[in-house]
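Notes follow once the structure below has been shown.
The values are calculated or read from the model by the stated rules, or taken from the named source; none is laboratory data. Because the structure is a prediction, the values reported are computed rather than measured. Here the Cβ positions follow ideal geometry from the backbone for every residue, glycine too, while neighbour counts run over all protein chains shown. Heavy atoms of the whole protein, side chains included, go into the accessibility calculation; ligands, DNA and RNA do not. Shrake-Rupley method; radii C 1.70, N 1.55, O 1.52, S 1.80 Å.
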Amino acid sequence: MKDTTTFPDPTYKKTVLAPLFEGVKQHYAQHMAAINKAHLVMLSKTEILNDEQVRKIARALNEIEQETDIAALQYTGEYEDYFFVVEAALRSKLGDLGGMLHTARSRNDMDHTLFKLALRSRVAHLLDQMETLIAALIKKAEAEADTLIVAYTHGQPAQPTTFGHYLGAVIEVLIRDMERLNAAADNLEHCPMGAAAITTSGFPIDRTQMADLLGFESPLVNSYGCIASVDYITGLYSAMKLVFLHMGRVIQDMGVWSSFEVGQLYVPNSLVQISSIMPQKRNPVPIEHMRHLASVTVGRCDMMVNTMHNTPFTDMNDSEGEVQQAGYATFASGGRVIELLTAFLPACSINADNVKRNTDAACITITELADTLVRVEKLSFRQAHEIAAATAHAVIAASKPLGKGFADCAAAFKAETGRDLTMNEAQFALATSAENFVAVRNRLGGPAPEALASALATYTSALREISDQCTMRKTRQSKAQSYLDVAFNSLLES
């Protein structure tokens, strides 16, 4: 029986083709116009098309661009997708000559080039946002280099450090995350154009010229890989995932630190909301928004990577239009996290009274007391640890700060060693102070001001290096756009 149905099926049109058409209008039409212009310039320079053919096609493309209100286009089903809408417009103006523009190319290589062009600008913006965040954190860390905080391990007060030192750790991770994201951005800089369907073309195309015209660093070499390799997607979203996974851990700390019981982080009034019923409440809800947005972003990254799982190593819709567009929400939610964190952390301050309260209550300088006993009293660390532990138990039982525990330490020392403590009360007070704890840790990566200043200078240098690489990419792309405009305009005027 003869099949008399016509394409497209109404349900297929509604559920697949029409949404894809809308996506192309929003995300890819401009990039498709750039590819059309670049491809025509290449066909001209390689003499695959003659001057008259090129001139007519160039003028028709220009007219179509001027005449078409892309936003107003509606999918009718007359043509399969936006590519064929443009080609139909060319053929309407030029007859069969309108089909010559598609010589030596395919929608396969065009699609992955479109997707890379669309991702390229989004990643560049995300990297800019990360640079702004890291620069703000470096400035904050410099300002908070002497601000004492309680550092926690396993959810318990552990040792004193500074807010600047803590932020330095955050900065280091963010720089590594930015380096990974920058490397993923580099993987977008290889152009698929010229791969055609899968095996390049019998025409004498110039793939390097196409890459240059579109602002890529170089062609992606293997033509099969140009349309089959989706590592530019999986690599990018894997790198993005780590940014927000790691950021979420810092955000979680902010939640704990700002809790009433800990009270270490003060969130200003501009970043808290009150309860509708409990007037005493100061709810730092931006922390919750950052936490859930970071998690949403991680989930969206996983969605993109997992969609590629067990797909065939060839051209396939699993890596194309609708999936690509779904991934763009990742940049939106992730960008919101970064912007909010950039505003949030620099605006917060440390509550020194609560830090001192928790420092005293938890004996968090006790490690330095043990170290001082080793240095001054010439004990083994294990002996010193036992004396320090006994001292801590005594002062905690008496509900007094460690700095007031000289007599307890002397008694524990006598019981452990059989001799009197040579350290005096003033030396004991210094050894158990949080300020001294930080000051003596002037080692590479430590919290002492000199060590921290050296680390922050290193971070500034690393950030500048990544920023310079990003700027080079943008400059290449901007120059390519200018060159393409000149080259295409010369075809119009020839």
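Accessible surface for TYR152 stands near 70 Å², nearest 10, in the context of the full protein assembly shown (1.4 Å probe).
Helix 381-397 axis versus longest C-alpha principal axis of the chain: approximately 80°, rounded to the nearest ten. Can you give the percent of C-alpha pairs in the range 1-120 whose distance is more than 18 Å? Here the long-distance tail beyond 18 Å is 56 percent of all Cα pairs in the range 1-120. Between ILE350 and TYR266, the built amide H atoms are under 5 Å apart, and every one of these is 5 or more places off in sequence or on another chain. Convex hull volume of the C-alpha atoms in the range 292-449, normalised per residue: 210 Å³.
Computed from phi, the 3J(HN,Hα) profile of the range 363-374 under the Karplus parametrisation 6.51, -1.76, 1.60 (θ = phi - 60°) reads 6, 6, 8, 4, 4, 5, 4, 4, 4, 5, 4, 5 Hz, with x in place of Gly and Pro. If you plug the beta carbon distance of THR199 and GLU322 into 1/(1 + (r/R0)^6) with R0 = 25 Å, you get a FRET efficiency near 0.45. In the chain, if the dipole is taken from +1 on Lys/Arg beta carbons and -1 on Asp/Glu beta carbons about the Cα centre, which of ILE277, PRO8, ILE57 is farthest to the positive end? Checking the options against the dipole of the chain, the answer is ILE277. Fully extending the segment from LEU492 to ASN442, taken as 0.36 nm per residue of separation minus the present Cα-Cα distance, adds 11.3 nm. Seen against the Cα atoms of the chain and their longest principal axis, helix 29-45 is set at about 60 degrees. For ILE149, nonlocal amide neighbours, meaning residues 5 or more places apart or on other chains whose placed amide H falls under 5 Å from its own, are THR161, THR162, PHE163. Relative contact order, whole percent, for the chain stands at 19, derived from Cα pairs under 8 Å and 6 or more residues apart. Among 32-39, 69-76, sorting by the average number of other beta carbon atoms lying within 10 angstrom of each residue, highest first, gives 32-39, 69-76. Quick one: net charge around VAL296, please, counting Lys, Arg +1 and Asp, Glu -1 for every other residue with C-beta under 12 Å from its C-beta. For residues surrounding VAL296, the net value is +3.
Once all protein chains are placed together, SER223 keeps about 20 Å² accessible to a 1.4 angstrom probe.
Between amide H atoms placed 1.01 Å from N, distances below 5 Å from ASN187 occur with no residue 5 or more places distant or on a separate chain. Is the shape of the range 242-309 best called rounded, prolate or oblate, per the rule: a/c under 1.5 gives rounded, else a/b larger than b/c gives prolate, else oblate, with a ≥ b ≥ c the square roots of the Cα gyration tensor eigenvalues? Prolate. For the range 348-357, the Karplus equation 6.51 cos²θ - 1.76 cosθ + 1.60, evaluated at θ = phi - 60°, returns couplings of 7, 9, 9, 7, 5, 5, 5, 4, 5, 4 Hz by residue, with Gly and Pro reported as x.
Seen against the Cα atoms of the chain and their longest principal axis, helix 107-143 is set at about 20 degrees. Report note on the peptides 358-364, 203-209: ranked by the mean count of other C-beta atoms within 10 Å, highest first, their order is 358-364, 203-209.
Using only C-alpha positions, report the orientation-averaged shadow area of the convex hull of the chain, nm², one decimal. Projected over every direction and averaged, the Cα hull of the chain covers 33.0 nm². Each residue of the range 160-169 is assigned a 3J(HN,Hα), and the resulting list reads x, 8, 10, 4, x, 5, 4, 4, x, 5 Hz, derived from the Karplus form 6.51 cos²θ - 1.76 cosθ + 1.60 (θ = phi - 60°), x at Gly and Pro. Rolling a 1.4 angstrom probe over the chain with all protein chains present gives an accessible area of which 54% lies on carbon and sulfur atoms. Would you mind classifying the range 132-174 by shape? Square roots of the alpha carbon gyration tensor eigenvalues, ordered a ≥ b ≥ c; an a/c under 1.5 is rounded, otherwise it is prolate if a/b is larger than b/c and oblate if not. Oblate. One decimal place: the segment ALA88-ASN283 gains 64.4 nm when fully extended, by the rule 0.36 nm per residue minus the C-alpha distance.
Taking 0.36 nm per residue of sequence separation and removing the Cα-Cα distance, the ASP485/SER218 pair yields an extension gain of 94.2 nm.
Look at the alpha carbon pairs under 8 Å that are at least 6 residues apart: their mean separation over the length of the range 174-291 gives a relative contact order of 22 percent. PHE381 contributes about 90 Å² of solvent-accessible surface, heavy atoms of the protein only, 1.4 Å probe. Around the Cα centre of the range 443-484, unit charges on the Cβ atoms of Lys, Arg, Asp and Glu (plus for the first two, minus for the last two) sum to a dipole of about 280 debye. Applying a threshold of 30 Å to the alpha-carbon distances of LYS14/LYS479; LYS116/LYS241; LYS14/LYS116 flags LYS14/LYS479 as lying beyond it. Straight-line cross-link partners of LYS13 among the lysines, defined as a Cα under 24 Å from its Cα and at least 8 positions apart when in the same chain: LYS2, LYS25.
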